[in-house]
Amino acid sequence: MNYLLYYHLVALFLMVVGLAGIIWRRTLIGLLICVELLLNGAGLAIMASAKLTPASDFLGQAGTLLVMGLAAAEATILLALILVVFKRFGKVEVDKINILRG
């Protein structure tokens, strides 16, 4: 087995754990962590593919930086949403929050 397969298996594991966490988690913080796991798995797969294949290293680095930028923006927006929801409802459980307006 080559190294690319190992990297892709680890990336797939991260993505599966993130997806399973999104399905079964009930707090907004848990959902944030699981989405970060999904994006980290994608970044790892992109970088491993760029380094271990004849593809351009620059494109792999640019793609990984794009994924990291999306993860940072997503984390910022979700943390702001969590603060607003906590101030309004006093809890951050997804099942307990059914309205945001009213």
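Laboratory data are not the source of any read-out in this text; all were calculated from the coordinates shown. A quick note: this is a predicted structure, and the numbers were derived from the prediction, not measured. Neighbour counts are summed over all protein chains in view; Cβ atoms, including those assigned to glycine, are modelled from backbone coordinates with ideal geometry.
What to note about this one:
- Rounded Å value of the spacing that divides the Cα centres of the range 46-83 and the range 8-43: 14
- Peptides 58-67, 84-93, 33-42 ordered by average Cβ neighbours within 10 Å, highest first: 33-42, 58-67, 84-93
- Under Karplus coefficients 6.51, -1.76 and 1.60, residue-wise ³J(HN,Hα) of the range 68-80 in Hz, glycine/proline x: 5, x, 4, 5, 5, 5, 5, 5, 5, 5, 5, 5, 5
- Remark: the range 21-33, residue by residue, has Karplus-estimated 3J(HN,Hα) of x, 5, 5, 9, 6, 10, 10, 5, 5, x, 5, 4, 5 Hz, where x stands for each Gly or Pro and the curve is 6.51 cos²θ - 1.76 cosθ + 1.60 at θ = phi - 60°.
- Taken about its Cα centre, the chain carries a charge dipole of about 480 debye when Lys and Arg each add +1 at the Cβ and Asp and Glu each add -1 at the Cβ.
- Contour excess over end-to-end distance, with Cα ends at M68 and A80 and 0.36 nm allotted per residue: 2.5 nm
- Calculated FRET efficiency for the pair Q61/I33, C-beta based, R₀ 25 Å, to 0.05: 0.50
- Extended-chain gain in nm, criterion 0.36 nm per residue less alpha-carbon gap, F89 and V16: 23.2 nm
- Here is the P(r) of the chain: all C-alpha pair distances, binned every 5 Å from 0, give 2, 13, 18, 18, 16, 11, 8, 6, 4, 2, 1, 0 in whole percents.
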